[in-house]
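The values are calculated or read from the model by the stated rules, or taken from the named source; none is laboratory data. In this text, all values refer to a predicted model and were calculated from it rather than measured experimentally. Heads up, the Cβs are rebuilt from the backbone with ideal geometry, glycines too, and the neighbour counts pull from every protein chain shown.
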C-alpha cells in the first residue's frame, strides 16, 4: 500500500509533525511504502479558479511544486492530512494543496478505494475546537467517495511537549499499526 503523508505545519518539530512521526513509527514499512511531504518547504500557490486545468487535462496554469506532488496524490492508497488547527480549519499550506486537487478532481472521485486519515492539533482545550476541521475533512471525503480510517486531534497542545499529557501519540502509533 502507498501511504502519502501531507504535513501542513511550518514547524518540523511541532505538534502535528510529532503525530505524523508516531503514525509512521507504527506502520509496517516492509509492507507499505510511506512518503512524507513537508508542504511548508514547497512552493504551492492557491487555486485561481481559472479553469485552465479543465481545458488542459489537469495541467495547471501555475508552474509550481504542485505539478510534482499530484502524481503522488493520484498514486496513494491512503492520504494522511496533517495540519494544526488554524482558525478552526486546515492551515493555509495544506488547504492550498487540497484546493489544487481540483485540477484532477474527476480522477480523484473515481478512486473510491482511496482512504484518508486526519492528524491535527490545537492549542485550545474546548472539545468543540476541532468541529470545523472535522466537518471539512468528512465533507471532502464524502465528496470524493473516500473512506476515513480515523482522525486524531490533540487539544490543549500548543507545543510538542504537551503531547505527553495526552494519549494522542500512542493513538497515532496504533493507527499506523492498523494499516
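Put simply, of 34, 73 the only residue that is assigned to a helix (DSSP H, G or I), at pLDDT 95 or above and closer than 30 Å to residue 155 by Cβ is 73. Among the residues in the range 110-117, are any surrounded by 14 or more Cβ atoms within 10 Å (Cβ to Cβ) and closer than 20 Å to residue 167 by Cα? There is at least one residue in the range 110-117 that is surrounded by 14 or more Cβ atoms within 10 Å (Cβ to Cβ) and closer than 20 Å to residue 167 by Cα. Scanning the range 81-117 for residues that are outside any loop (DSSP other than H, G, I, E, B), out of contact with any strand residue (DSSP E or B) (no Cβ under 9 Å at 6 or more places or on another chain), more than 14 Å from residue 39 (Cα to Cα) and in contact (Cβ under 8 Å) with a residue 12 or more places away in the chain gives 101, 102, 103, 104, 107, 108, 109. The number of residues in the range 147-177 being part of a loop (DSSP other than H, G, I, E, B) and either in contact with a helix residue (DSSP H, G or I) (Cβ under 8 Å, 6 or more places away or on another chain) or touching a residue at least 40 places away in the same chain (Cβ under 8 Å) (or both) comes to 4.
Output the residues belonging to the range 10-31 that are surrounded by 15 or more Cβ atoms within 10 Å (Cβ to Cβ) and either in a helix (DSSP H, G or I) or more than 17 Å from the chain's Cα centre (by Cα) (or both). Residues satisfying the conditions are 15, 16, 17, 18, 19, 20, 21, 22, 23, 24, 26. Could you say whether any residue in the range 121-130 is in contact with a helix residue (DSSP H, G or I) (Cβ under 6 Å, 6 or more places away or on another chain) and assigned to a strand (DSSP E or B)? Yes: one or more hits.
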